[in-house]
Amino acid sequence: MCGIVGYIGGREATEVVLNGLQRLEYRGYDSAGIAIYHPDAGLQLRRSVGKLINLQQRVQADPPRGRVGIGHTRWATHGGVTEQNAHPHRDASGTIVVIQNGIVENYLSLKGRLIELGYQFESQTDTEVIAKLIGHYYQEQRDLVAATRQALQELRGGNAVVAFCIHEPDTLVAARLGNAGGIAIGLGDNEQFIASDIPAILDYTRNLIFLEDHDIAVVRRDEVTITRLDGTPVTRAVHSIAWDPVAAAKGDYRHFMHKEIDEQPRALMDVLRGRIDQERGLITLEDLRLDDQDLRRVRRIYAIACGTAWHAALVAKFMIENLARVRVEVDYASEFRYRQPILQSNGERDALILTFTQSGETVDTLAGMEEARRQGVPSVAIVNAIGSQAARLADGGPIYLHAGPEIGVASTKAFTSMLVAGYLFALRLAQAHGTLTPAQIREHIQALVELPGKAAQVIEQVTPVCVELAERYYRVGNALFLGRQINYPIALEGALKLKEISYIHAEGYPAGEMKHGPIALIDEGMPVVCIATRDHIYEKMISNVEQVRARHGQVIAIGHEGDELLAAKANHFIGVPATLPLLQPVLNVIPLQIFAYHVAVLRGCDVDQPRNLAKSVTVE
C-alpha cells in the first residue's frame, strides 16, 4: 500500500511532497522518506520509521529546500521496518535516488550479480537493487532515461518507479511495469506532479495522465514526454478529474467493481508486505498474538464466514491441511452460531477459530467469535477493515488484508487478498509445526511474490476474451460452474459473482457431483464454466468437460496457457498462467470476476450496488 509523490516546478518541493504523502496515509505504511534537491544544498535525504508525523518533525528540525523532489510511504516487503530500509534509496555514487511500489520478483539474483560486481548494499530491500542497477548503467550511459530503461528491462514483477539524478536536475523519470503499481502525472502551469494515487495531487491539479504498462515518462517543469520501454514514443490522453472525492476515487473507471478488479495485483502485493522474509524463508504476521508454542498446540481449526468470505475459508482449508497438516472444518457463520458446536473436548485446548470477513462487522461471524470466546477458544480474524469489531474480538489477533477500500458490494480484491492471507497463515502454521523447512517455505514465498505479476497478466490477457463471452451469453437465464478440490470453491465464487450482479441464476457445483443431478439441466443453451487447470485431478476434469459436451452444453474452460487438449475439447478457452496448485485459485477466479462484470454491464444492472444486497450485513 506504498505511496509515491514527486514534484518539479517553482514551489518548495518539500511542502508539496509531504502534503501528497499525507493524502495517501489511508493506504497504510510503516515508514516514510523524502529526497529534495537544491543546487547549493545538494541532495537532501530525510527518512523515518512509523507515522508521517515522525518524518514531518525531522523535516521541521532540519528543513530541506529545493524545487524538485520525491517522497514515499513504505509498507515493508523485503527487510524489516528500519530507517535504512525506508525509501528513497540511492545508487552507489549517492547521486541517484529511487522510490518504488511493487515487488522485484528476481531481486535475489539481481542483487547477487551486483554484489559480484563489487556493489555493497545498505538495506535489505528490493528497491535498492533498482537504484544500484540504474546507477550501474548510468556510469556507462550518462543518461538517466536510458539507464532507467535498461535497468527496468531486467526486472520481473509489477513495479511503479520514480528516479532522480543530481546530474540532470531538471528531470524526473517515472515508469510503470504491469498493473501492480499505478502512476499518475499531474499537469500544472510550468510545474508537474507525480503520484501513485489521485488524492495526493488533487490540491494542485485535476488534469492527469495515467501511465500504462511499460510506459516511461520524462517529467520536466514545462513538458512531459512518454515512451514505451523500448523507446517508441506514445501519446496518452489527459483526463480531467472531478474534485468530488468519490468521483476522484473512481478515476477513469465506469464502476468501482471494475477498478477493484484491476487493483488486485496491487492488493495482492499489499497483503504480503512486511510478512515475508525471502532470504531466510520465514513468515511474520505482525498482529498475530499467538507464538510458536501457541500455534503448535492448534490441532483443530473451525473456519467460519459468510458469502464470498465462506468461499475463501473453503480454499484456506485445502491450504492449511496440505501445508500445516492441521484439520480444518468450515462452517457458514449463520449456521455455526445455532448448532451448539463442541469446540473443546476431553479438556484439550487445541482448537482455534479462524474467521474471514471483509468488513469485520458481519453479525453472524461476530456471534461465532463470541461463542468461541465463551468456550475459551482463541480466534484469529482475516479481515480488511482496520479496527473493526472482528479485529477487536480476535484475541489471537487480526490478519489484516490491507486491500484498501472496497466500494463495490460484490467483493473482488478482498476475496483474492483473503486467499493470500489464508496462504500466509497456513505457511505460518507450517513454520510453527515444522511441516515445512525454511527452504521449502522459501519456494512458496517465491511463488507468492510472482503472484501479483501473474494476476496483472491475467487481467490484461483475458479481458478481451471475457468481453466477447459476455456479449455471447449475457441473455442466458442459467449457468453452471464446475470445479474440483480447491477449485470447487472458485466455481462457487464464480457462480455467486454472476448471480449477485447480473441476476442470472447460476450454480456452482463439485464437478464429480454433476452426474448426480445438475447434468439434467444441460442443453445447447446452457453455458458451463469448467475450471480445469492442470493438477492431480486434471484428467477427471477433462472427463467432466467431455460429459458436458456430449449433452451439447457450451463449455467455457479455464486452463493453463497453452493447454491445447483442453482448448480442443471446449467451446471457449481462457488461458491463465501456472503457479503452485494451492495458489492457482487466486488466478483462476479473476476471469470469472471479469466475465460477471461485463455480463452485468450488458444487462444494464447496477454493478456496484446490486438490488437487495449490502456491503456489510449487520442484521440476520
Selection count where residues are more than 19 Å from V601 (Cα to Cα) and either outside the structural domain of L583 (by TED's automatic domain parsing) or crowded, with 17+ Cβ neighbours inside 10 Å (or both), scope the range 448-471: 11
Condition check for N54: in contact with a helix residue (DSSP H, G or I) (Cβ under 9 Å, 6 or more places away or on another chain) and outside any strand (DSSP E or B): no
Some residue of the range 439-450 being touching a strand residue (DSSP E or B) at 6+ places or on another chain (Cβ under 8 Å), modelled with pLDDT of 95 or more and not hydrophobic (A, V, I, L, M, F, W, C): no
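Okay, residues lined up against (1) surrounded by fewer than 24 Cβ atoms within 10 Å (Cβ to Cβ); (2) at positive phi; (3) of a type in the set (S, T, N, Q):
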site	(1), (2), (3)
L21	no, no, no
I36	no, no, no
G50	yes, yes, no
R65	yes, no, no
I96	no, no, no
Where G158 falls short, out of the listed (1) crowded, with 23+ Cβ neighbours inside 10 Å; (2) among the small types (G, A, S); (3) out of contact with any helix residue (DSSP H, G or I) (no Cβ under 6 Å at 6 or more places or on another chain): (3)
Some residue of the range 524-534 being surrounded by fewer than 19 Cβ atoms within 10 Å (Cβ to Cβ), at positive phi and either not aromatic (F, W, Y) or not in a strand (DSSP E or B) (or both): no
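Have a look at A163, A174, A86 and point out the one that is at pLDDT below 95 and buried (at least 24 other Cβ atoms within 10 Å of the Cβ).
Values: A163 fails: at pLDDT below 95; A174 fails: at pLDDT below 95.
A86 is the lone residue from the list that is at pLDDT below 95 and buried (at least 24 other Cβ atoms within 10 Å of the Cβ).
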Matching residues in the range 9-45 - criterion: being part of a strand (DSSP E or B), more than 20 Å from H78 (Cα to Cα) and in contact with a Gly (Cβ under 8 Å, 6 or more places away or on another chain): A35, I36, Y37, H38, L43, Q44, L45
Verdict on R266 being buried (at least 23 other Cβ atoms within 10 Å of the Cβ), over 22 Å from A381 (Cβ atoms), in contact with a helix residue (DSSP H, G or I) (Cβ under 9 Å, 6 or more places away or on another chain) and touching a residue at least 40 places away in the same chain (Cβ under 8 Å): yes
Residue within the range 112-129 that is of a type in the set (K, R) and either part of a loop (DSSP other than H, G, I, E, B) or crowded, with 18+ Cβ neighbours inside 10 Å (or both) present: no
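From the residues in the range 536-569 that are part of a loop (DSSP other than H, G, I, E, B) and buried (at least 17 other Cβ atoms within 10 Å of the Cβ), which one is farthest from the chain's Cα centre (by Cα)? Before you say what the answer is, go through the steps one by one.
Quick first cut of the range 536-569, residues part of a loop (DSSP other than H, G, I, E, B) only: 536-537, 551-553, 561-563.
Within this subset, residues satisfying the condition of being buried (at least 17 other Cβ atoms within 10 Å of the Cβ) are 537, 553, 563.
Working: I537: 28, G553: 35, D563: 27 Å.
Looking at the filtered set, the residue picked out is G553.
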Strands (runs of 3 or more DSSP E) completely within the range 314-432 that count 3 or more residues being touching a Ser or Thr at 6+ places or on another chain (Cβ under 7 Å) and assigned by TED's automatic domain parsing to the domain that holds I283: 351-357, 379-383
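Against the definition (under 18 Å from L469 (Cβ atoms) and either out of contact with any strand residue (DSSP E or B) (no Cβ under 8 Å at 6 or more places or on another chain) or of a type in the set (F, W, Y) (or both)), how does Y538 come out, yes or no?
Values: under 18 Å from L469 (Cβ atoms): no; either out of contact with any strand residue (DSSP E or B) (no Cβ under 8 Å at 6 or more places or on another chain) or of a type in the set (F, W, Y) (or both): yes.
When the stated conditions are applied, Y538 does not pass them.
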Failed condition for I320, given (1) at pLDDT 95 or above; (2) over 26 Å from the mean Cα position of the chain (by Cα): (2)
Residue within the range 495-505 that is farther than 25 Å from Q609 by Cβ and outside the structural domain of E321 (by TED's automatic domain parsing) present: no
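The values are calculated or read from the model by the stated rules, or taken from the named source; none is laboratory data. Computed from a predicted structure; not experimentally measured. So basically every Cβ, Gly included, is an ideal-geometry build from the backbone, and we count neighbours across all protein chains shown.
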